[in-house]
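S.K.: My structure is below; once you've seen it, I'll send some questions.
Just so you know, all these numbers are worked out from the coordinates, no wet-lab data involved. Treat the numbers as computed from the prediction; the structure is a model and nothing was measured. Note: ideal-geometry Cβ built from the backbone for every residue, glycine included; neighbour counts use all protein chains shown.
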Amino acid sequence: ASARAAVESAAEQVEAAELAYEGVRLEQEVGLRSTVEVLDQEQDLLTARIALAQAERDLV
């Protein structure tokens, strides 16, 4: 049960990171964010995706 909860939590974190990344990317297009900020947010998204993959692996 806890492994399933970890997967659900990680999936929610991926969703949040995807929204944040898209927002920062759009802000960068209009000059409100730097490339470094976009890359930082992209790294956060990738970290969330890795955590989800690890949680899914632990579920098996």
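S.K.: Measure nothing but the geometry: give the 0 to 90° angle between the long axis through the Cα atoms of 2-29 and the longest principal axis through the Cα atoms of the chain, rounded to 10°.
M.R.: Approximately 10 degrees, to the nearest 10.
S.K.: Taking amide H atoms as placed 1.01 Å from N in the peptide plane, list the residues 5 or more away in sequence, or in a different chain, whose amide H sits under 5 Å from that of R33.
M.R.: Long-range HN contacts for R33: Q28.
S.K.: If you take all C-alpha pairs in the chain, what percent of them are over 18 Å apart?
M.R.: So the portion of pairs separated by more than 18 Å is 40 percent.
S.K.: What ranking do T47, T35 get, fewest neighbouring Cβ atoms within 10 angstrom at the top?
M.R.: Ranked by crowding around the Cβ, least crowded first: T35, T47.
S.K.: Would you mind ranking L19, L52 by Cβ crowding within 10 Å, fewest neighbours first?
M.R.: In order of increasing Cβ crowding within 10 Å: L19, L52.
S.K.: Which whole-Hz couplings ³J(HN,Hα) result when phi for each residue of the range 39-54 is put into the Karplus expression 6.51 cos²θ - 1.76 cosθ + 1.60, θ = phi - 60°, listed in order with x for Gly and Pro?
M.R.: 5, 4, 5, 5, 5, 4, 5, 5, 4, 5, 5, 5, 4, 5, 4, 5
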